[in-house]
Structures are given as structure tokens and as C-alpha cells.
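The values are calculated or read from the model by the stated rules, or taken from the named source; none is laboratory data. Fair warning: this is a prediction, and the values are worked out from it, not measured in the lab. As a convention, Cβ positions derive from the backbone with ideal geometry for all residues, glycine included, and neighbour counts pool all protein chains shown.
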Amino acid sequence: DAKTTQPNSMESNEEEPVHLPCNHSTISGTDYIHWYRQLPSQGPEYVIHGLTSNVNNRMASLAIAEDRKSSTLILHRATLRDAAVYYCIGVGNQFYFGTGTSLTVIP
Amino acid sequence: NAGVTQTPKFQVLKTGQSMTLQCAQDMNHEYMSWYRQDPGMGLRLIHYSVGAGITDQGEVPNGYNVSRSTTEDFPLRLLSAAPSQTSVYFCASSYWGLAGGIEQFFGPGTRLTVL
């Protein structure tokens, strides 16, 4: 399972796009890239996942580099409810969380 | 569906006491796991199970036991509580088919304090 590296914190203005980066240089060819977020005092919540190609869902988009050593979670229009800790996880057999990126959304 | 439920929500123990944290899911998921989250930290995997009767250790298994007698339930036992086990405990479940490509569902957590 791949070790991931994320910035400790980021800020965004409300209604602007947010790009959350993640490095996973040790990822293997079969490890999926998952993103979860955790709102204060809640359990983690699934956001999106992918393997090789970019992925979109109603919450976000996931852009995966061609060499798969990095990925970016894109929130198209940040809202105050998106303020959370975002975890990027390289998943082979298990989910190993790092410390994530704490996103602050400024009104 | 209730999803993943955990009981109790809060618990205070004295050092040396034992207790069981309960976790149940009603989604017929094969895979279940327990994590702990210390203040300001990410989640760390304690134990996991890929089906009834099958369990294995994660990153931080010492001081904890698990068993999986049914698909629905995956209790976590603290054998002799220590202050270092003060944490928030999360249970999660998912289908177990395409390894790594499956969404995990998390419970609301149990906040445990050991005095």
C-alpha cells in the first residue's frame, strides 16, 4: 500500500475551485487512489476514487497523473460545508490514512 | 438501512478495566475494520476482517482483540485498558471484491477515555 504525502492545510475562498494535491510516488500499478473527507466530530466520508483515468462524480473530480505518482482532488465550487480534513489514500489491500489536508473555506 | 452503527458513543474506563466496543452493519458487507484516531492525527488501522471467521492485524493491534462470528457484527475488545488507548474509535465496512476499488462506509465513532 502506497504512502501518501499531502500539505497539512489549505485555504480557499467560498465559491472558488479548490485543488488538493497528493503525492504517492510509491504506488503500485494495482493500488487505487481514494479520497475521503472528515468533518469535525464525524467519521470519514467517501469522496471519490480512481485507478488510472480521471474520475468525476457529484461531489468532486479526481485528476490522476499519467505516471500515477500524484493526483489532485478538485472541488469545483467550495462551500462552507466543504471545510474538512481531506485524506488521500493509496489502497492495495488496506486503507492506510495519513494526516490529511485541513481545508479552510473563507466566506 | 442503518448503515454502520457503533455503541457506545462515549465511554470512560479506569486503567486495567476491559470492555467491548460494538460495531454492526446491515449492508451485508464482507469487509469490516477498526481504526483509532488520536487528537490531530489521521486514522490508524487496528484490526480487520474479510469475512466471518477471518480476522487479521493492522498497524496498531497491540492491546486489542477482535472476532467475527457473523457477517453483521465485528466487536473490538480492549483487554486491559491503558491511558494510551484514549482515542476515538471508528468502525468501517465495505464489499470485498475488487481489492482497493471499493468505497468504505464509516460509523459515527466511539470516544473512549481511559483514566
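Working only within region B:28-77, note down all residues that are within 12 Å of chain A (Cβ to nearest Cβ), surrounded by fewer than 16 Cβ atoms within 10 Å (Cβ to Cβ) and among the polar types (S, T, N, Q).
Residue satisfying the conditions is B:Q57 alone.
Quick test for you: out of B:Q11, B:Q104, B:Q25, pick the one residue that is surrounded by 21 or more Cβ atoms within 10 Å (Cβ to Cβ) and at pLDDT 95 or above.
B:Q25
Output yes when any residue across region A:28-37 is in contact with a His (Cβ under 6 Å, 6 or more places away or on another chain), more than 18 Å from A:R81 (Cβ to Cβ) and surrounded by 22 or more Cβ atoms within 10 Å (Cβ to Cβ), and no when none is.
Looking through region A:28-37, at least one residue is in contact with a His (Cβ under 6 Å, 6 or more places away or on another chain), more than 18 Å from A:R81 (Cβ to Cβ) and surrounded by 22 or more Cβ atoms within 10 Å (Cβ to Cβ).
Given the criterion within 13 Å of the chain's Cα centre (by Cα) and of a type outside the set (A, V, I, L, M), identify the matching residue among B:P39, B:P83, B:P61. Reasoning before the result, please.
On the way: B:P39 fails: within 13 Å of the chain's Cα centre (by Cα); B:P83 fails: within 13 Å of the chain's Cα centre (by Cα).
Within the list B:P39, B:P83, B:P61, the selection yields B:P61.
Of the residues A:P40, A:P21, A:P7, only one is outside any loop (DSSP other than H, G, I, E, B), surrounded by fewer than 19 Cβ atoms within 10 Å (Cβ to Cβ) and of a type outside the set (D, E, K, R); which?
Values: A:P40 fails: outside any loop (DSSP other than H, G, I, E, B); A:P7 fails: outside any loop (DSSP other than H, G, I, E, B).
After applying the criteria, what remains is A:P21.
Do the conditions hold for B:T110, that is, is it closer than 19 Å to A:E45 by Cα, in contact with a Pro (Cβ under 7 Å, 6 or more places away or on another chain) and within 14 Å of chain A (Cβ to nearest Cβ)?
Against the criterion (closer than 19 Å to A:E45 by Cα, in contact with a Pro (Cβ under 7 Å, 6 or more places away or on another chain) and within 14 Å of chain A (Cβ to nearest Cβ)), B:T110 qualifies.
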